[in-house]
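Written below as structure tokens is the structure these notes are about.
The values are calculated or read from the model by the stated rules, or taken from the named source; none is laboratory data. It should be emphasised that the depicted structure is a prediction, and the values quoted were computed from it without experimental measurement. Note that each Cβ is placed from the backbone with ideal geometry, even for glycine, and that neighbours are counted across all protein chains shown.
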Amino acid sequence: MPSPHAPPPTPRLARRTTGVLTSLLLSAGLVLTPTSAVHADPLERPNPPVISSTDYPECTTESCEAAGGTGVAGTFVLQAMDDDVVAFDHGWSGPPINRVPAVNGTATLELTPPGYGGWSLYARAVDADGNVSSTVYYSFVVDRLSPPVAGWDLESGPHSVPLANIVPNGPALVPGGETGWAADARLIGVDTADLDGAGHFTAGTGVVDTTRSFSVAAWVNLSDKSTDGNVIGVDGENMSALYVGYLAALDRWVLGVPHTDTQRHRWSYAIAPEAVTVGQWTHLTASVDRETDTASLYVNGELSAQTALPEAWAATGEFRVGNALYRGELTAHWNGRLAAVRVYDRALIAEDIVRGRDDNRPLMWPALTGHWNFDNDCCGEAIDLSGWDRWLALHNGTSFDVGHDWSGYGMVFDGVDDYAATAGQVLRTDNSFTLSAWARVDADTDFGVLGIEGAEQSAISVDYDA
């Protein structure tokens, strides 16, 4: 029993009692006037928040369905369980450190998950006294970005079949008109599709839905700038749903979208700012984003031009490569080489083209044309691991010894006349290319590491200059 001289007991209120009370009479004799404020214990931690999202549903013991996608933002709501919460910390790992204010006990966040697969959003509540709750997490699964829905290499070599679809059971390309093949046009040892303005390819109907987001891409090499040349089109009754290729009147790469499938219509154009160079391989990507109604033209992986899109219309006819349907007639026949046509059922961005996302390789993934690690040698030669059988022959006493990481082998040269070389050409030096190797200097003297021979001199040499 308390002493008659002791102060009355301190009233204890639940954490959620933080507002102004209009009246309250306690049996201990303490009366709070209408202007009295009652706050939670400053040493008591708030309850953790509740996290929710309709864009990325939470995994449960019963289900865990993937949603969204890499690069796709979602709305996440943090809801306080106490009235005096003034902020939240959140992040993709714990402890979360990104602080945002709470408005009426809530914070609505637009967040983009870092990648595909399983992720957790971590969060904690912060009250007016600076107390921080324990951390909670919200687990969900980000859907993997879809690979191409169709693709044709248009090249014959050890790694490709020219007209076959890279997607199992997908339609093959069917040649029409005068189609030809050019040897060593892009890759040494490969025949590449070569059209002279009279040929084309088709793949039937239903390849892509033009009323939704989609993208198409290809490597192109223009031979003649005197006429228009279309790379990829999808037919309606009168028009192709898109035109991606060369427009002679402007001397530019363009992405054109007709507003309607009629004889008379308007166009939306994305026009590249730079003139086109004949005989130069260029990568073109046309991305149609129906969430933003925007069409984007990428040239060699860089965003070159964009345009607003009209309302979509369904092109249910042929998917074609090398020409376009214009007012019911086939026109804009391509004059040049074509390779690596790809079709996606989503809008692509630059990262898809030059870096790749999820498990998808970038569209501009370089072709490996030679690879020698010297762990496997036979008969005085180093085996080529690239699949092209371009073995390196060792000359004048070149030998093998321990490699750069002590787990394999490397070649040893005497600095006088030792060298190793392939029997023939490995790549074209008039296209982009890269050479790389590990090298170690054993003597302070000039020497060459890598080189590609021309008729009179090396097209490139990687050297050590003492």
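Being touching a helix residue (DSSP H, G or I) at 6+ places or on another chain (Cβ under 9 Å) and under 20 Å from ASP184 (Cβ atoms) is the filter here; which residues of segment 269-294 pass it?
Restricting attention to segment 269-294, the residues satisfying the condition of being touching a helix residue (DSSP H, G or I) at 6+ places or on another chain (Cβ under 9 Å) are 283, 285, 287.
Within segment 269-294, just HIS283 meets the criteria.
Just for segment 60-98: of the residues that are exposed (fewer than 13 other Cβ atoms within 10 Å of the Cβ) and over 30 Å from the mean Cα position of the chain (by Cα), which one is nearest to VAL132 (Cα to Cα)?
Ranking the qualifying residues of segment 60-98, first place goes to THR61.
Name the residue that is farthest from GLY71 (Cα to Cα), counting only residues in segment 363-372 that are touching a residue at least 12 places away in the same chain (Cβ under 8 Å) and not polar (S, T, N, Q). Break it down into steps so the answer makes sense when it comes.
Start the filter on segment 363-372 by keeping residues that are touching a residue at least 12 places away in the same chain (Cβ under 8 Å), which leaves 363-364, 366-372.
Then keep just the ones that are not polar (S, T, N, Q); that gives 363-364, 366-368, 370-372.
Working: LEU363: 17, MET364: 19, PRO366: 24, ALA367: 27, LEU368: 29, GLY370: 34, HIS371: 34, TRP372: 37 Å.
My answer is TRP372.
So which strands (runs of 3 or more DSSP E) are wholly in segment 146-243 and hold at least 3 residues that are touching a Ser or Thr at 6+ places or on another chain (Cβ under 6 Å) and closer than 18 Å to GLY256 by Cβ? Break it down into steps so the answer makes sense when it comes.
Working: elements: 150-152, 174-183, 191-202, 214-222, 229-234.
Fully inside segment 146-243 and qualifying: 214-222.
Before we move on, is GLN457 without any contact (Cβ under 8 Å) to a residue 12 or more places away in the chain and not hydrophobic (A, V, I, L, M, F, W, C)? Full working, then the answer.
On the way: without any contact (Cβ under 8 Å) to a residue 12 or more places away in the chain: yes; not hydrophobic (A, V, I, L, M, F, W, C): yes.
When the stated conditions are applied, GLN457 passes them.
Identify, from the list ASP345, ASP375, ASP405, ASP359, the residue that is surrounded by fewer than 16 Cβ atoms within 10 Å (Cβ to Cβ), touching a residue at least 40 places away in the same chain (Cβ under 8 Å) and acidic (Asp, Glu). Don't jump to the end; show me each part of the working.
Details: ASP345 fails: surrounded by fewer than 16 Cβ atoms within 10 Å (Cβ to Cβ); ASP375 fails: touching a residue at least 40 places away in the same chain (Cβ under 8 Å); ASP405 fails: touching a residue at least 40 places away in the same chain (Cβ under 8 Å).
None of the others qualify; the one that does is ASP359.
Collect the residues in segment 89-112 that are closer than 17 Å to PRO48 by Cβ, of a type outside the set (D, E, K, R) and out of contact with any Ser or Thr (no Cβ under 9 Å at 6 or more places or on another chain), keeping them in residue-number order.
HIS90, GLY91, ILE97, ASN98, VAL100, ALA102, GLY105, THR106, ALA107
Which one of these does VAL132 not meet: (1) surrounded by 15 or more Cβ atoms within 10 Å (Cβ to Cβ); (2) farther than 15 Å from VAL343 by Cβ; (3) β-branched (Val, Ile, Thr); (4) in the same structural domain as THR192 (by TED's automatic domain parsing)?
Unmet for VAL132, out of (1) surrounded by 15 or more Cβ atoms within 10 Å (Cβ to Cβ); (2) farther than 15 Å from VAL343 by Cβ; (3) β-branched (Val, Ile, Thr); (4) in the same structural domain as THR192 (by TED's automatic domain parsing): (4).
Residues that are in contact (Cβ under 8 Å) with a residue 24 or more places away in the chain, of a type in the set (Asp, Glu) and in contact with an Asp or Glu (Cβ under 7 Å, 6 or more places away or on another chain): does segment 249-263 have at least one?
Taking every residue of segment 249-263 in turn, at least one turns out to be in contact (Cβ under 8 Å) with a residue 24 or more places away in the chain, of a type in the set (Asp, Glu) and in contact with an Asp or Glu (Cβ under 7 Å, 6 or more places away or on another chain).
Report whether or not SER156 is surrounded by 14 or more Cβ atoms within 10 Å (Cβ to Cβ), modelled with pLDDT under 95 and within 30 Å of PHE214 (Cβ to Cβ).
Numbers: surrounded by 14 or more Cβ atoms within 10 Å (Cβ to Cβ): yes; modelled with pLDDT under 95: yes; within 30 Å of PHE214 (Cβ to Cβ): yes.
Here the answer is yes, as SER156 does meet what is asked.
Read through the list (1) over 57 Å from the mean Cα position of the chain (by Cα); (2) at pLDDT 85 or above, then give the number of the only condition that THR35 fails.
For THR35, the exception is condition (2).
Which of the residues belonging to segment 432-466 are of a type in the set (Ser, Thr, Tyr) and closer than 12 Å to PHE413 by Cβ?
Result: THR445, TYR464.
Can you name the residue in segment 226-280 that is surrounded by fewer than 19 Cβ atoms within 10 Å (Cβ to Cβ) and of a type in the set (Lys, Arg) and is also farthest from LEU297 (Cα to Cα) among such residues? I'd like the intermediate steps shown before the answer.
In the first step, residues of segment 226-280 are kept if they are surrounded by fewer than 19 Cβ atoms within 10 Å (Cβ to Cβ); the result is 226-227, 237-238, 248-251, 259-260, 262-269, 271, 273-275, 277-280.
Retained after the next criterion (residues that are of a type in the set (Lys, Arg)): 264, 266.
Details: ARG264: 24, ARG266: 19 Å.
Applying the filter and picking the extreme gives ARG264.
Taking the criterion of being within 22 Å of ALA183 (Cα to Cα) and of a type in the set (Lys, Arg), would at least one residue in segment 438-452 satisfy it?
Filtering segment 438-452 down to residues within 22 Å of ALA183 (Cα to Cα) leaves 452.
Right, trim to of a type in the set (Lys, Arg) and you get none.
No - not one qualifying residue is present in segment 438-452.
Among the residues in segment 382-402, are any in contact with a Leu (Cβ under 7 Å, 6 or more places away or on another chain), charged (D, E, K, R) and farther than 30 Å from PRO114 by Cβ?
If we filter segment 382-402 for residues that are in contact with a Leu (Cβ under 7 Å, 6 or more places away or on another chain), which is where we start, we get 382, 386.
Adding the requirement that they be charged (D, E, K, R) leaves none.
The answer is no; no qualifying residue exists.
I'd like to know if segment 305-320 contains one or more residues that are basic (Lys, Arg) and either surrounded by fewer than 18 Cβ atoms within 10 Å (Cβ to Cβ) or assigned to a loop (DSSP other than H, G, I, E, B) (or both). Break it down stepwise before answering.
Our first condition is that a residue be basic (Lys, Arg); within segment 305-320, this holds for 320.
Still in the running and either surrounded by fewer than 18 Cβ atoms within 10 Å (Cβ to Cβ) or assigned to a loop (DSSP other than H, G, I, E, B) (or both): none.
Checking segment 305-320: not a single residue is basic (Lys, Arg) and either surrounded by fewer than 18 Cβ atoms within 10 Å (Cβ to Cβ) or assigned to a loop (DSSP other than H, G, I, E, B) (or both).
Of the numbered conditions (1) hydroxyl-bearing (Ser, Thr, Tyr); (2) more than 24 Å from THR202 (Cα to Cα); (3) at pLDDT below 95, SER304 fails exactly one; give the number of that condition.
Only one criterion in (1) hydroxyl-bearing (Ser, Thr, Tyr); (2) more than 24 Å from THR202 (Cα to Cα); (3) at pLDDT below 95 is unmet by SER304, namely (3).
Regarding VAL462, is this residue part of a strand (DSSP E or B) and over 20 Å from SER399 (Cα atoms)?
Criteria met by VAL462.
From (1) modelled with pLDDT under 95; (2) in contact with a strand residue (DSSP E or B) (Cβ under 6 Å, 6 or more places away or on another chain); (3) surrounded by 21 or more Cβ atoms within 10 Å (Cβ to Cβ), pick out the condition that doesn't hold for MET364.
(3)
Please return the ranges of strands (runs of 3 or more DSSP E) entirely within segment 344-430 where 1 or more residues are acidic (Asp, Glu).
Numbers: elements: 392-395, 399-402, 409-412, 419-421.
So the answer is 399-402.
Of everything in segment 180-199 that's over 23 Å from ARG390 (Cα atoms) and touching a residue at least 40 places away in the same chain (Cβ under 8 Å), which residue is surrounded by the most Cβ atoms within 10 Å (Cβ to Cβ)?
Once the filter is applied, the top-ranked residue is ALA193.
Just name the residue that is nearest to TYR419 (Cα to Cα) out of those in segment 359-382 that are within 20 Å of the chain's Cα centre (by Cα) and aliphatic (A, V, I, L, M). Talk me through it step by step, then tell me what you get.
Let us first name the residues in segment 359-382 that are within 20 Å of the chain's Cα centre (by Cα), namely 359-367.
Pick out the ones that are also aliphatic (A, V, I, L, M) and you get 363-364, 367.
Details: LEU363: 36, MET364: 32, ALA367: 25 Å.
Of everything passing the filter in segment 359-382, ALA367 is nearest to TYR419 (Cα to Cα).
Applying the selection to segment 70-102, what residues are touching a Gly at 6+ places or on another chain (Cβ under 8 Å) and in a strand (DSSP E or B)?
Correct list: GLY74, GLN79, VAL85, ASN98.
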